[in-house]
Each structure stands twice: as C-alpha cells, then as structure tokens.
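Remarks on the structure that follows.
The values are calculated or read from the model by the stated rules, or taken from the named source; none is laboratory data. Predicted model only: the values in this text are computed from it and were never measured. Cβ sites come from the backbone with ideal geometry, for glycine too, and all protein chains shown count toward neighbours.
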Amino acid sequence: MPRRRLIGTITSVKMAETALVTIETMRRHPLYGKRYRLNTSFVAHNPANTYVLGDQVEIEEHRPFSKTKHWLIRRRLVAATAPATEIASEEDILAAVNDTADQKEVKPNETPEEVKETEAL
C-alpha cells in the first residue's frame with residue numbers, strides 16, 4: 001500500500017528534530033455550497049533540524065518515531081523568505097521620533113479655538 005504524501009507549511013520548529021507542519025485544505029459545504037478552510041497540523045520528523053519555519057515541504061507517512069510523530073519530511077518545495085535585516089541609521093530613527101512628537105492629538109468634537117486654549121495651558 002503506498003504511503004500518503006501531503007504538502008504543507010512548517011509552523012513550529014521548537015522541538016528537537018521535530019517540526020509542526022500545517023496542511024491547509026478548502027472544502028465546500030454540502031448544503032450551502034460555501035467554501036471554507038480547514039487547517040490540520042501534523043508532527044513530522046525534521047532530521048538534523050534542516051528545515052526552518054515557513055518552509056513549504058512535502059511530508060510522507062512513516063513508521064512511528066514517537067507517540068505523536070508518524071510523518072517524515074521528504075523534501076523542501078519552497079524555502080522560507082528571509083526577513084529583511086536592514087538596520088536603520090540614527091538619522092532615520094530620530095526623524096521618525098520627531099515626526100510623531102510633532103503630531104498633536106485633536107479630539108473629533110473640539111473646535112479650533114478649544115485646541116488653541118489647550119495649547120496655551
């Protein structure tokens with residue numbers, strides 16, 4: 001009997017040599033016809049922690065590795081996109097802080113005269 005293979009995204013790699021893979025499927029309601037989304041999570045063996053959070057992978061049924069781990073990650077289909085590591089300069093940070101400090105909070109029902117009175121205080 002052939003082993004089942006599924007495609008999903010790694011959502012957690014906090015365990016040693018183990019990854020949580022989430023499979024997203026779309027179903028149609030039998031009576032109303034509306035499509036809805038189902039998410040199913042599988043605990044899969046991640047040998048040597050080679051796969052990282054966000055990778056799209058193919059998993060395959062396997063003999064039990066542990067009480068809950070019955071799947072093996074076969075291969076990576078799409079690598080996770082790396083977050084931008086660009087560091088902002090000090091001038092950019094100070095400009096952003098000054099821009100937010102210059103903005104004054106105005107209440108929706110406040111007239112311009114009331115705003116001037118509160119600024120004078």
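Annotations for the structure displayed:
- Residue in segment 40-51 that is modelled with pLDDT of 95 or more, closer than 14 Å to V21 by Cβ and surrounded by fewer than 14 Cβ atoms within 10 Å (Cβ to Cβ) present: yes
- Matching entry among K107, K14, K69, K116 (being modelled with pLDDT of 95 or more and not acidic (D, E)): K69
- Selection from segment 9-38 of residues that are farther than 18 Å from H70 by Cα, surrounded by 10 or more Cβ atoms within 10 Å (Cβ to Cβ) and either touching a helix residue (DSSP H, G or I) at 6+ places or on another chain (Cβ under 8 Å) or of a type outside the set (K, R) (or both): E24, T25, Y36
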